[in-house]
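This report refers to the structure that appears directly beneath it.
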Amino acid sequence: MDLQITTIVWLVAGGVAGWLAAKILKRTLLGAIGDIAAGMLGGFVGASLWTLWYPPAGAVDDVKAVAAAAAGGVAIVVVWRVVRAMWKR
């Protein structure tokens, strides 16, 4: 895939994953837009790290990068919530 399209797919996957993570946790600290933005950040970081460690060689690797983007999106939202909870103590 083209790099620009790939990056957009990563951001969308991360954003959706961040939003879903917020819905599953049934509480939002950042608001819907903040959860999506955090997910997008995590998606970009997760997929970027994935492609650095495992350079893409085909379409299957693109799917794995999208999965890494989703995992990164969820990770950022969950880590943010844990840090926020610890900070409030």
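List of remarks:
- Between the helical axis of 31-53 and the longest alpha-carbon principal axis of the chain there is an angle of about 40 degrees.
- Rounded to the nearest 20, the size of the Cβ-charge dipole of the chain about its Cα centre is 740 debye, with Lys and Arg at +1 and Asp and Glu at -1.
- Phi-derived couplings, Karplus 6.51 cos²θ - 1.76 cosθ + 1.60 at θ = phi - 60°, listed residue by residue for segment 73-87: x, 5, 4, 4, 5, 5, 4, 4, 5, 5, 5, 4, 5, 5, 5 Hz, with x used for Gly and Pro.
- Binning the alpha carbon pair distances of the chain at 10 angstrom intervals from zero yields the distribution 21, 46, 23, 9, 1, expressed in whole percent.
- Working from label points 7 Å from Cα in the Cα-to-Cβ sense, the residue 63 to residue 82 distance is 3.0 nm.
- Size descriptor, Kirkwood hydrodynamic radius, that averages inverse alpha-carbon separations across segment 1-46, Å: 10.4
Every number here is computed from the coordinates shown, using simple stated rules; none is lab data. The model shown is predicted, which means the values in this text are computed figures rather than measured ones. Virtual Cβ from ideal backbone geometry, glycine too; neighbours counted across all protein chains shown.
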